[in-house]
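For reference, the structure is listed below as structure tokens.
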Amino acid sequence: MSRPSLSIFFFAPLKHLLLVVALLAAFPALAAEPIVLGLNVPRSGEYREEGLMQIRGALLAVEELNNRGGVLGRPLQLIEADSASRPAQAVANVDSLIDQGARMLFGGASSAVAIAAGKRAAQRGVVYFGTLTYSNDTTGKDAHRYMFRESYNAWMASKVLGGYLQEQLPGRSYYYVTADYTWGHTTEASMRRFTATEDSRQHPASLLSFPGATQSELRAALRQAADAKPDVLVLVLFGDQMVKAMRVAHEFGLTRDSQIVVPNITLSMVEQVGPAIMEGVLAGSAWTWNLPFELGNQRGQAFVRDFAERYQSYPSTSAASAYSIVYQWAEAVTRNGTLASEALISALEDHEYQLLKDAQRWRGFDHQNVQSVYAVRIKPRAEVMRDPLRQDYFEIVSRLAGEQAVISHPEWLAERRAHGQPEQLR
């Protein structure tokens, strides 16, 4: 929103000047310089649907805050850049967004993108909030003072899923199909740990290039999985890769013969595959649109209703993450009364809050968001289709409190030492 031209004050007749002054006094936020927020998300590439959901969630939060007078008496302005899920592009976006005036950056979908972009933001002295960045490395070996992760991580997702699988399907054979980058590697390692499937000869795996795996590469990996006849097939894939893999898995009979597990799921991914194929898939999630209704969280329910009315779709985890980040940033700035990054970091560390579900906390020593996590099962198609928007996908089958799910401080320190990283964030 542009400010009134200074020529008004020098050349307007006195009565018009008095009117302008009166209007500015009545609506100070309209006259103030906007605070720019920079969203670094995939608008193209394999994670583009998650990028779209983040934009929608962020826009809703910005509009709500502006309707309440903005932040520090100033309106918010959202600008965005397409990362295409490529780290080099995301780093270039950081510079571009900051050069356009962004005082806070957020976004993700690819952990490699979030890690690279967060490091560049730190060099520029701007806080970066990771939305969908599930690699343990984001708040582990690659953690630093300027990165805060709103989402849960691979460790937390695997712990809740592993507990459920060990209880329901103990002693079974596993096969992993894994995206070949930081999120895939740390997720497979965490799933193996919490399902006691560390022996890769007994529980083999195939790696898929990311980004850009070809259809023939994908089919070869799923053919190897089908030939192995696993009891449990873990698809450590996300976005468009997971969508394509599920279709091939269905073609090869794996959806019938194996329990399929997707460590990280979003509404957009289920929507693209369709409930007929996704039925019965087990997955991990930090938030689903039906969760606020199960918890009786009125704030979360209002978010779901407002989002659905605006976009004719329930919000995904991606949308909820971006929405929550804007509000948490705004509250921290308001508490401290400044946009300064160091003050923002201090205001967030070990801050506990409740927004769209139960209590959450920005942990001080690693900036991981400590929150409840869930194992979900995709409902039968007939049940999904009874919903007005035909998106009632998720049945929560297990849950774990944040403090139980998250990596401990000693474990975190051991990881940092193993990679030659300092024991305190810098």
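Worth a mention:
- Peptide packing for 71-77, 35-41 was compared via the average number of neighbouring C-beta atoms within 10 Å per residue; ordered from the highest value, the list is 35-41, 71-77.
- Taking only Cα atoms of the stretch 268-426, radius of gyration then Dmax in Å: 18.2, 54
- Residue-wise HN-Hα couplings along the stretch 244-259, as the Karplus relation 6.51 cos²θ - 1.76 cosθ + 1.60 with θ = phi - 60° gives them from phi, are 5, 5, 5, 5, 5, 4, 5, 4, 7, x, 5, 5, 8, 9, 10, 7 Hz; Gly and Pro carry x.
- Members of Lys357/Lys379; Lys159/Lys244; Lys141/Lys244; Lys159/Lys229 lying beyond 28 Å, as alpha-carbon distances in this model show: Lys141/Lys244
- The stretch 43-93 versus the stretch 171-228: alpha-carbon centroid distance in Å: 32
- Selection of GluC sites (Glu not before Pro), the stretch 159-218, meeting DSSP coil and at most 14 other Cβ within 10 Å: Glu198
- FRET E, pair Arg201, Arg335, Förster distance 51 Å, beta-carbon r, rounded to 0.05: 0.45
- Shape of the stretch 112-270, Cα gyration tensor, a/c cut at 1.5: prolate
- Among 237-243, 306-312, 346-352, 384-390, the peptide with the highest mean count of other Cβ atoms within 10 Å heads the list, and the full ranking is 237-243, 346-352, 306-312, 384-390.
- Cα-based shape type of the stretch 227-278, given that a ≥ b ≥ c are square roots of the gyration tensor eigenvalues and the cut on a/c is 1.5: prolate
- At a probe radius of 1.4 angstrom, the accessible area of the chain per residue rounds to 40 square angstrom.
- Stretching the chain fully between Gln424 and Arg381 yields a gain of 10.6 nm (0.36 nm per residue, less the alpha carbon separation).
- For Leu208, the residues whose amide H sits under 5 Å from its own are Thr178, Ala179, Asp180, ignoring neighbours fewer than 5 places away on the same chain, with H placed 1.01 Å from N.
- The loop-placed trypsin sites (Lys or Arg not before Pro) in the stretch 56-112, going by DSSP, that have at most 13 neighbouring Cβ atoms within 10 Å of their Cβ come out as Arg68.
- P(r) tail fraction, the chain - alpha-carbon pairs more than 38 Å apart, %: 22
- Entry for the stretch 275-340 at q = 0.16, 0.29 Å⁻¹: log10 I(q)/I(0) = -0.68, -1.21, Debye formula applied to identical alpha-carbon scatterers, no solvent contribution.
The values are calculated or read from the model by the stated rules, or taken from the named source; none is laboratory data. None of the values given here were measured: they were computed from a predicted structure. No Cβ is skipped: glycine too gets one built from the backbone with ideal geometry, and neighbour counts run over all protein chains shown. Ligands, DNA and RNA are excluded from the accessible area calculation, which covers all protein heavy atoms including side chains. Shrake-Rupley method; radii C 1.70, N 1.55, O 1.52, S 1.80 Å.
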